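Input: a single structure, listed below in structure tokens.
Each value in this text was obtained by applying a stated rule to the coordinates, not by laboratory testing. Not measured: the values here are computed from a predicted model. Positions of Cβ are backbone-derived with ideal geometry, glycine not excepted, and every protein chain shown enters the neighbour counts.
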């Protein structure tokens, strides 16, 4: 049986004197077990030396007290104190070395069809006085306990939400069909309500409100950050929005465009060997355009590679592209356009991203589903067939049906700016899922509206990096909490620290050092190379001498 806070309040009178007479009132009133005090309670011995009752520690008692509080619009599911130890997730994954904390789980239900799950983790000691909200990936639908533990290790009161879309793993979007309230929850409402709830919980637990509030996310999480800055400018003092999926419909339509382009005919698909040929050829042609041959395309805007040079002059084999395959590559680079208006719907990926095109361009069986295609089914129904998508009217229909719920393309962030808010965005230049030009177009519009975007916005482009992370290039700069930071607390190498310094000390970040490691194991990985990422529009230029694997050999300067 699940008991809510309302149940607790309604039963308080029933306890009365009997509760004080019972040594274990939870045995008589199961709802008291809502507050789970997990371990390490102090034992109080009676006169005869026997154990008479358990006395919770101060941290446990403070955590347990939250179960007795009323929270606006929230149904408490679990309140539990955890001592410093290994934390085991609901899926039985073990997260070692988690500091002592109070865990608050709740369901937020802004509509009759909403069930937004939220977790707030509160450091039992050493709280830094701040709150950190975490973003999601894809369609949400789950909680990231690893990211929660990393936020906790930094002494934040930290929160995450499943965005109200669990279960969202069905690729045809079935769980959310005909549930427009859940579309709103996923689009922006869950993030805002998570934020309000987490701040309320933190304020009650610590008896003071967080002094500063920060948000950090990439991809969907980056889009959540843009939504927050536009719609709820009072929620956060600083936001990190990586590779933001804020132009949500455009991003999904771009994936469909790439998918459909490679399925136009049986000859249009690019098998793995052809994709490797393309990626290697682009690298050979464009690697040195920045003055350094290092297997990183740092100036993709200079790359004029024409895939037609790979077109087969004779028989089709792994050393060339067919005419249809060349057409596929050109279509993907170009990006989708509305056939009625001629307007570019979404920017195509840049040269250097080809190695990550595998999910789009390979051959697929007739029953295969479009990657990240669930949103099309929400609009057009479960039986929607990607082959019938109209690149004119269907684009308009999607915008009218769901655009206002899920996309954050409004550049008017003056309210966020005026209250002192700061926004840092980052993106990989080799990202094919969220091509960099889309964010650059959005920030251009922000500049048009605000006239002074450089006073509160920084954009860092990471050459050779893929979507949010990855790639054979320096790609670790505090951009992914779950992979561990290179140097937490160092504003020159850690994004979150840089954001704090900007908000709290007025020091704007103009340069962040990215690191490339060999291997992912934090205990054994070694540094391959480091490189500065420069606040756009500046770029990192090689000084002309020195080791190209060391950041000191590069200087941030204006692009030519």
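Quick notes on this structure:
- Relative to one another, the C-alpha centroids of region 360-421 and region 463-540 are positioned 30 Å apart.
- Its Cα gyration tensor gives region 85-137 an equivalent ellipsoid, and the semi-axes of that ellipsoid, as √(5λ) in whole Å with the largest first, are 24, 16, 10.
- 15 Å reach of a label modelled at residue 128, 7 Å along Cα-to-Cβ, counting backbone N of region 92-119: 99
- With respect to the chain, whose longest principal axis is taken over its alpha-carbon atoms, helix 272-286 is tilted by about 70°.
- Extension gain from residue 452 to residue 91, taking 0.36 nm per residue of separation minus the Cα-Cα distance: 125.3 nm
- Centre separation in Å (Cα based) which lies between region 297-339 and region 216-250: 33
- Rg(Cα) / (2.2 N^0.38 Å) computed for region 227-298, rounded to two decimals: 1.70
- Of the peptides 341-349, 193-201, 445-453, the order by per-residue mean of other Cβ atoms within 10 Å, starting with the highest, comes out as 193-201, 341-349, 445-453.
- Helical content of the chain, expressed as a calculated mean residue ellipticity at 222 nm, amounts to -8500 deg cm²/dmol (DSSP H runs of 4 or more residues, -39,500 (n - 2.57) each, divided by residue number, nearest 500).
- Annotation: the residues 192, 227, sorted from fewest to most other C-beta atoms within 10 Å of their own C-beta, follow the order 192, 227.
- Dividing the alpha-carbon radius of gyration of region 251-404 by the rule-of-thumb value 2.2 N^0.38 Å gives 1.13.
- Protection proxy ranking of 210-221, 238-249 - average other beta-carbon atoms within 10 Å, highest first: 238-249, 210-221
- Separation of region 265-286 from region 129-169 is 37 Å, based on Cα centroids.
- Footprinting exposure proxy ranking of 554, 87, 426, fewest other C-beta atoms within 10 angstrom first, gives 87, 554, 426.
- Cα-based Rg / Dmax (Å) for region 352-419: 16.8, 53
- For Rg/Rh (Cα atoms, Kirkwood Rh), computed directly from the structure shown, the correct entry in (1) 0.95; (2) 1.02; (3) 0.97 is (2).
- With a Förster radius of 25 Å applied to the C-beta separation of residue 399 and residue 367, the computed FRET efficiency comes to 0.30.
- The angle between the Cα long axis of helix 495-505 and the main principal axis of the chain comes to about 70°, on a 0 to 90 degree scale.
- The chain: angle of helix 220-231 to the longest principal axis, Cα-based, in degrees nearest 10: 80
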